[in-house]
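Colleague: What follows is a structure written as structure tokens; I'll ask about it next.
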Amino acid sequence: MARTGRAAHPAAHDSTPLVARVFAALCDGRFHSGEQLARSLGVSRSAIWKATGTLRELGATLHAVRNRGYRFAGASEALDAARIRERLARDVRHHVRSVETTWSTASTNSVLLERANPPGAMSEVFLAEYQTAGRGRRGREWLASPGGAICLSLSWTFREVPRDLGALSLVIGVCALRALRELGAVGAGLKWPNDLLLGERKLGGVLIELRAESAGPACVVIGIGLNMALGAALLQRISESGMAATDLRSAGLAEPSRNSVAAALVSACLRGLRAFEREGLTPFIAEWQAADALRGRSVDVSAADGIAHGLA
């Protein structure tokens, strides 16, 4: 079930998966007994036990203590479309046609790619607590636990295909970096072509997909994944796949509201898209170069015809 920002206070419906309802109840970070959860949600204790097991399988760090109940390792916040919309920057809010959240989907990018293009200079925003087939660049799997990350996509229609469209991932990287630094991640940086870093570890990433017509409008779908509090087990699993990752909690940064983070990312991206449409890549180059984590370092670049060695 998706929730849309068109409603002021989206209500829970019977069709909401039980695991999503248990997740929302536990987001306060306090202990809730199985009996309390069963009573408040109108289900059996066995159903609660199964739902908490599912949350663990999805990567959530959930503690169970005898005579106290269940709680997450830290407080989180369920995604809320209305809250995200109201926290968007005023200068871009009118460019957002809809904000929707859902418990689970295969890929937030895929949801928007399957829809008709929004009108020019308008955007649709879609977020999920959990993706069953989240993906990064080159189809790599993107891992994130419920409540532990931001998984969002936004669509945008350019009236004409921009000359520098191939550099849009660099522009969006700068936009995401601006939002992160405003939220306190002053040490964040960028790694070509689409990684958000904190130190030497990956904090998030950008995936851009394009749907364009010859000599006509171009619609881009921009996916952003940001690690907020994945938990030690999932970070270890990501590390075993060959990717050094981190999250805001592990870095010792204060954890802002997930809805506020989502709104900040969307606002920064929309400002950047408007500027990119008017001025191209030029206004972003110096900022990207200053944040480039590989600048001046020896690098290897893999391509279809082999590996190139050089200095970034």
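The values are calculated or read from the model by the stated rules, or taken from the named source; none is laboratory data. Keep in mind it's a predicted model, so treat the numbers as computed, not measured. Cβ atoms come from the backbone with ideal geometry, glycine included; neighbour counts cover every protein chain shown.
Colleague: Can you pull out the residues in segment 19-49 that are more than 24 Å from residue 105 (Cα to Cα), in contact with a helix residue (DSSP H, G or I) (Cβ under 8 Å, 6 or more places away or on another chain) and not in a loop (DSSP other than H, G, I, E, B)?
Modeller: 32, 34, 35, 37, 38, 40, 45
Colleague: Residue 40 - would you say it is closer than 30 Å to residue 85 by Cβ, surrounded by fewer than 14 Cβ atoms within 10 Å (Cβ to Cβ) and modelled with pLDDT of 95 or more?
Modeller: Spelling it out, residue 40 is indeed closer than 30 Å to residue 85 by Cβ, surrounded by fewer than 14 Cβ atoms within 10 Å (Cβ to Cβ) and modelled with pLDDT of 95 or more.
Colleague: Inside segment 50-147, counting only strands (runs of 3 or more DSSP E) that do not spill past its ends, which hold 1 or more residues that are closer than 15 Å to residue 223 by Cα?
Modeller: 96-105, 123-131
Colleague: Determine whether residue 132 is at pLDDT below 95, among the β-branched types (Val, Ile, Thr) and farther than 16 Å from residue 208 by Cβ.
Modeller: yes
Colleague: So, in segment 188-230, of the ones that are outside any strand (DSSP E or B), surrounded by 20 or more Cβ atoms within 10 Å (Cβ to Cβ) and not small (Gly, Ala, Ser), which residue ends up modelled with the lowest pLDDT?
Modeller: 230
Colleague: Scan segment 78-99 and report the pairs whose first residue is of a type in the set (Phe, Trp, Tyr) and whose second residue is assigned to a strand (DSSP E or B), with Cβ atoms within less than 8 Å and a gap of 6+ or a chain change.
Modeller: Close Cβ pairs (under 8 Å, with a partner that is assigned to a strand (DSSP E or B)) do not exist here.
Colleague: Quick check, is residue 75 over 24 Å from the mean Cα position of the chain (by Cα), closer than 26 Å to residue 249 by Cα, aliphatic (A, V, I, L, M) and surrounded by 13 or more Cβ atoms within 10 Å (Cβ to Cβ)?
Modeller: no
Colleague: Select, from 75, 89, 81, the only residue that is at pLDDT 95 or above, in contact with a Gly (Cβ under 6 Å, 6 or more places away or on another chain) and either closer than 17 Å to residue 267 by Cα or not β-branched (Val, Ile, Thr) (or both).
Modeller: 81
Colleague: Further, regarding this structure: Given the residues 133, 144, 149, 128, which is the only one that is surrounded by fewer than 21 Cβ atoms within 10 Å (Cβ to Cβ) and of a type in the set (Gly, Ala, Ser)?
Modeller: None of the other options fit; the residue is 133.
Colleague: Given the conditions (1) over 27 Å from residue 221 (Cβ atoms); (2) among the polar types (S, T, N, Q); (3) surrounded by fewer than 17 Cβ atoms within 10 Å (Cβ to Cβ); (4) modelled with pLDDT of 75 or more, report the number of the one that residue 282 does not fulfil.
Modeller: Going through the list (1) over 27 Å from residue 221 (Cβ atoms); (2) among the polar types (S, T, N, Q); (3) surrounded by fewer than 17 Cβ atoms within 10 Å (Cβ to Cβ); (4) modelled with pLDDT of 75 or more, residue 282 breaks only (1).
Colleague: Within segment 164-187, can one find any residue that is assigned to a strand (DSSP E or B) and either at pLDDT 90 or above or touching a strand residue (DSSP E or B) at 6+ places or on another chain (Cβ under 7 Å) (or both)?
Modeller: Among the residues of segment 164-187, not one is assigned to a strand (DSSP E or B) and either at pLDDT 90 or above or touching a strand residue (DSSP E or B) at 6+ places or on another chain (Cβ under 7 Å) (or both), which makes the answer no.
Colleague: Regarding segment 28-51, can at least one residue be identified that is under 26 Å from residue 247 (Cα atoms), within 20 Å of the chain's Cα centre (by Cα) and touching a residue at least 12 places away in the same chain (Cβ under 8 Å)?
Modeller: There is no residue in segment 28-51 that is under 26 Å from residue 247 (Cα atoms), within 20 Å of the chain's Cα centre (by Cα) and touching a residue at least 12 places away in the same chain (Cβ under 8 Å).
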